[in-house]
Amino acid sequence: MNAIDFPTLRTDIDRWGAELGFQRIGVSGIELGDDETHLLNWLDAGFHGEMDYMARHGSRRSRPAELQPGTVRVISARMDYAPPALGSAWQILADDEKGYVARYAFGRDYHKVLRQRLQKLADRIAAVTGPFGHRVFTDSAPVLEKALARNAGLGWIGKHTLLLSRDAGSWFFLGEIYTDLPLPPDAPASAHCGTCTRCIEICPTRAIVAPYKLDARRCISYLTIELRGSIPVELRAPIGNRIFGCDDCQLICPWNKFTQSTPEADFAPRHGLDGAALVDLFAWSEHDFLTRTEGMAIRRTGYEGWLRNIAVALGNAERSDRIVAALQSRAEHASALVREHVTWALEQHEARQDQARRSVTLASATTSG
């Protein structure tokens with residue numbers, strides 16, 4: 001390895017990161033003792049639900065040198081993803097005939113984008129240092145990325161458990177380079193949530209059970225993406241028209257007034273998913289789904305999960321002949337999971353229709369009396 005001026009290299013890394021499209025770069029050490037305790041308590045409470053991979057890797061998640069031997073520093077990188085029309089999110093959530101997709105999933109899969117840019121950053125470092133020990137991560141391995149980013153000065157972990165930046169809010173992705181280079185570390189970020197509890201109060205399914213404590217089993221992102229089986233009946237109505245993920249805790253957060261729209265074309269909405277009609281999305285064949293979600297994070301839910309999620313949203317929509325017809329078209333679907341949620345949705349519309357009839361009858365009787 002060449003003789004290295006690490007402070008100068010650290011400054012260069014910031015510049016190279018900006019050239020590669022990262023809005024912020026930070027460097028941290030690898031001590032995560034308190035975060036390991038928090039993780040173990042979270043797992044012991046069962047808050048990870050069916051995400052067995054959260055517990056599978058043992059201490060490697062909170063001990064970077066066990067995951068990548070030789071690691072002494074972690075380079076954390078932030079890339080913003082907020083779309084220009086972020087304000088339209090509330091309008092879509094208020095329109096029960098449209099499907100709400102979490103803003104991060106609109107465009108190209110962020111794993112692909114960040115991983116490639118991080119590798120380019122590592123290559124630039126290697127051009128100065130010579131070959132060095134490193135490994136690139138983007139939400140793809142057992143990494144406590146928010147804790148590492150906090151320690152690198154990129155932001156603090158908010159009460160909703162997302163990372164928050166004073167100058168950028170929370171609409172951003174994180175990626176890491178584990179390295180054996182003893183780069184100068186940055187100062188950790190301080191917390192600035194104060195007494196605010198808006199994220200806790202707005203959560204549709206009450207998944208934020210206490211400040212800084214998320215029960216993933218109730219989280220709409222978990223229910224619509226990670227969960228492979230039936231969505232618990234008591235949580236279906238609160239899901240509303242959210243068919244892939246949920247952004248409510250970010251949309252309500254005061255710090256997101258500082259959010260800047262992403263300059264990345266890769267994150268631009270594809271296939272009209274920033275406000276498509278539920279019945280149109282429900283009509284997609286499996287071929288349509290695979291074709292239109294190619295290279296996108298939304299593919300993770302799978303076609304069966306896609307139909308399951310939309311069936312729930314259609315069940316929560318105001319009754320119309322078009323919506324009922326769409327549901328009936330899938331009533332005999334080959335998937336028992338899809339059939340179950342379609343049946344539930346149709347029952348919701350039948351119950352509302354019965355209630356409307358009773359109300360009309362009662363009003364008529366009252367008038368006649």
- Message: Just the residues that are surrounded by 15 or more Cβ atoms within 10 Å (Cβ to Cβ) and assigned to a loop (DSSP other than H, G, I, E, B), please, taken from region 272-318.
- Response: Leu273, Asp274, Gly275, Ala276, Trp284, Thr293, Met296, Ala317
- Message: I'd like to verify a number: residues in region 219-266 that are at pLDDT 95 or above, aromatic (Phe, Trp, Tyr) and in a helix (DSSP H, G or I), how many?
- Response: 2
- Query: Residue check, Asp139 against (1) within 20 Å of the chain's Cα centre (by Cα); (2) buried (at least 20 other Cβ atoms within 10 Å of the Cβ); (3) not hydrophobic (A, V, I, L, M, F, W, C), all met but one. Which one?
  - Reply: (2)
- For region 87-105 the number of residues that are crowded, with 20+ Cβ neighbours inside 10 Å and out of contact with any helix residue (DSSP H, G or I) (no Cβ under 6 Å at 6 or more places or on another chain) is 4
- Members of region 26-41 found to be in a helix (DSSP H, G or I) and surrounded by fewer than 19 Cβ atoms within 10 Å (Cβ to Cβ), listed by number: Gly33, Asp34, Asp35, Glu36, Thr37, His38, Leu40, Asn41
- Message: Can you report the number of residues in region 168-200 which are part of a loop (DSSP other than H, G, I, E, B) and either at pLDDT below 95 or not charged (D, E, K, R) (or both)?
- Response: 19
- Query: What residue, among those in region 127-146 that are among the polar types (S, T, N, Q) and not in a helix (DSSP H, G or I), is modelled with the highest pLDDT?
  - Reply: Thr138
- Item | Residue check, Ala77 loosely packed, with under 14 Cβ neighbours inside 10 Å, outside any loop (DSSP other than H, G, I, E, B) and in contact with a strand residue (DSSP E or B) (Cβ under 9 Å, 6 or more places away or on another chain) | no
- Which residue pairs have Cβ atoms under 9 Å apart, sit 6 or more places apart or on different chains, and have a first residue in region 174-198 that is assigned by TED's automatic domain parsing to the domain that holds Lys146 and of a type in the set (Val, Ile, Thr) and a second that is surrounded by fewer than 19 Cβ atoms within 10 Å (Cβ to Cβ) and assigned to a loop (DSSP other than H, G, I, E, B)? Thr179/Gly70; Thr179/Val72; Thr179/Phe132; Thr179/Gly133; Thr197/Pro211
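The values are calculated or read from the model by the stated rules, or taken from the named source; none is laboratory data. Everything quoted here is computed from the prediction, not taken from an experiment. Cβ sites come from the backbone with ideal geometry, for glycine too, and all protein chains shown count toward neighbours.
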